Every structure is written in structure tokens, then in C-alpha cells.
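All of the numbers you see were taken from the coordinates with simple rules; none came from a lab. All of these numbers come straight from a predicted model, not from anything done at the bench. No Cβ is skipped: glycine too gets one built from the backbone with ideal geometry, and neighbour counts run over all protein chains shown.
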Amino acid sequence: MIDAGVGLAGLAVSSFVSATILPGASEVVLWALVRDQPALFWHAIAVATIANTAGGMTSYLIGRLVPPRDLPRGIAWVRRWGVVALLASWLPVVGDALCVGAGWLRLPAPLATVCIGLGKFARYLVVATFA
């Protein structure tokens, strides 16, 4: 049995890293933790969502540092849909680009955080439900 504190800490690290340009497997870590300790269902979803949202906002901040002449990938989606496009920030590969694009476009950070968080929460809820 996985120690709850260690499992949640590992999930937080994995979730944060997975939301940046670095590869990660937070869904697998969440699935394994919830499968091993079902009582941690909501705690695990909360930890994964918060850490993954923080990672997404790190990508957003990186986008704010990109000079205006350099167009990040994903900019077309964000331009077309605005901050709502960030609900898809959970998608592999393109999700990171959406967060960077939102930062590059200087979309409002509070609204970006909410939309990123909602998308990430929905994904983790589905993964944990099937653990």
C-alpha cells in the first residue's frame, strides 16, 4: 500500500511536470493512487488539479515572456476561442501550446486559471472514476 502523504506528493510533482513542456504521466500516477487507496479519491483529484493548473499557469507565464514577433503554437485556437480554449488545456501536446498562447496574447490570468483548472479537473475526475 502506498503511503498517503508520499503518494499525494508524488502525484503533485507528476501533475505539475505534466502540465509543462516536460513529459509526464500524471494520469497513471492518479489512477494508481486512487486504485490503491480509494479513500483518497477527492484528495487526489484536488492535488492533481491544483498542481496541473499551476503547471499550466507556468506555461502561461512563459508565453508572457515570448516576444510579440514569435508566434507560439496554438495561438490560432486561442485567438479564435479566447480564454474558453483553455478548457482544452488538458489535451496532450496542444494543451501546453494553448497555455503558452494564452500568455502570449495576455489573456486575463484569473480567468485563464479558472478555465485551465476546470479542464484539468474534468480530466482527472474521469481518470479517477475509472480507477
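Rounded to the nearest 10 degrees, what's the angle between the helix 26-36 long axis and the longest principal axis of the chain, both from Cα atoms, 0 to 90?
Helix 26-36 and the main axis of the chain meet at about 20 degrees.
If each of residue 76 and residue 114 carries a label point 7 Å out from its Cα toward its Cβ, how far apart are those two points in nm?
The two pseudo-label positions are separated by 2.9 nm.
Show me the ranking of peptides 9-18, 78-87 by mean Cβ neighbours inside 10 Å, starting with the highest. Show your work: numbers first, answer last.
On the way: 9-18: 20.1, 78-87: 18.0.
Averaged packing, sorted descending, gives the order 9-18, 78-87.
In degrees, nearest 10, range 0 to 90: what is the angle between the Cα axis of helix 41-65 and the longest Cα principal axis of the chain?
20
Per the helix-only calculation at 222 nm, which mean residue ellipticity applies to the chain, given -39500 (n - 2.57) for every DSSP H run of n ≥ 4 and division by its residues, nearest 500 deg cm²/dmol? Write out the running numbers ahead of the final one.
Numbers: 6 runs with 90 residues, N = 131.
Dividing the helical sum by the residues of the chain leaves -22500 deg cm²/dmol.
For the range 1-65 and the range 102-131, compute the distance between their C-alpha centroids and round to whole Å.
Computed from Cα coordinates, the inter-centre distance equals 13 Å.
Label the range 4-129 by shape, choosing from rounded, prolate and oblate, from the square roots a ≥ b ≥ c of the eigenvalues of the Cα gyration tensor; if a/c is under 1.5 it is rounded, and otherwise prolate applies when a/b is larger than b/c, oblate when it is not. All intermediate terms of the calculation are to be shown ahead of the outcome.
Details: a/c = 2.58, a/b = 2.17, b/c = 1.19.
Judged from the Cα gyration tensor, the range 4-129 comes out prolate (a/c at least 1.5, a/b above b/c).
Enumerate the calculated ³J(HN,Hα) couplings along the range 96-111 in order (Karplus 6.51 cos²θ - 1.76 cosθ + 1.60, θ = phi - 60°), each rounded to whole Hz, writing x wherever the residue is Gly or Pro.
Here the 3J(HN,Hα) series is 4, 5, 5, 5, 4, x, 5, x, 4, 7, 6, 5, x, 4, x, 5 Hz.
Provide the per-residue ³J(HN,Hα) series for the range 5-12, in order, calculated from phi with Karplus coefficients 6.51, -1.76, 1.60 and θ = phi - 60°, each as a whole number of Hz, with x at glycine and proline positions.
Ordered by residue, 3J(HN,Hα) equals x, 5, x, 5, 5, x, 5, 4 Hz.
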